[in-house]
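The values are calculated or read from the model by the stated rules, or taken from the named source; none is laboratory data. Computed from a predicted structure; not experimentally measured. Reconstructed Cβ throughout: ideal geometry from the backbone, glycine too, with neighbour counts over all protein chains shown. Ligands, DNA and RNA are stripped out before the accessible areas are found, and what is left, the full protein with its side chains, is counted by its heavy atoms. Shrake-Rupley method; radii C 1.70, N 1.55, O 1.52, S 1.80 Å.
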Amino acid sequence: ELAEVCRHLEIAESTWHRWLAQYGGMKASDAEWLMEFEHENARLKKLLAEAMLENEVTKEALRKKW
């Protein structure tokens, strides 16, 4: 029974259903690739945000010098 499996895995049934909707039709290798892709995407977004912040700080410092 699903409720028993979820209790054993210590997850909510809603989490199970969300995972099933997201990964249900995938092979294990596809799901693994997607997770790696999502992690890499998050890393790149963080790097971009840091670069943009550094750019803004530099612009602000240059504005104050002149």
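A few comments on the model shown:
- Here A12, A49 are screened, and the one residue that is modelled with pLDDT of 90 or more, touching a Cys at 6+ places or on another chain (Cβ under 9 Å) and surrounded by 10 or more Cβ atoms within 10 Å (Cβ to Cβ) is A12.
- Entirely in the chain, the helices (runs of 4 or more DSSP H) that have 3 or more residues that are of a type in the set (F, W, Y): 13-23
- Selection within the stretch 1-25 - in contact with a helix residue (DSSP H, G or I) (Cβ under 7 Å, 6 or more places away or on another chain) and not aromatic (F, W, Y): L2, A3, C6, A12, E13
- Of all residue pairs spaced 6 or more apart or on separate chains, those with beta-carbon atoms under 8 Å, a first member in the stretch 6-24 that is within 19 Å of M35 (Cα to Cα) and a second member that is surrounded by 11 or more Cβ atoms within 10 Å (Cβ to Cβ) and aliphatic (A, V, I, L, M) are W16/V5; Y23/A31; Y23/L34.
- Among the residues of the stretch 22-36, those that are among the hydrophobic types (A, V, I, L, M, F, W, C) and open to solvent by less than 90 Å² (accessible area, probe 1.4 Å) comprise M26, A28, A31, L34.
- Pair list, Cβ under 8 Å, 6 or more apart: the stretch 28-46 residue under 19 Å from R18 (Cβ atoms), other residue open to solvent by less than 80 Å² (accessible area, probe 1.4 Å): A31/Y23; L34/Y23; L34/M26
- Yes/no for L2 being more than 23 Å from the chain's Cα centre (by Cα) and open to solvent by less than 80 Å² (accessible area, probe 1.4 Å): yes
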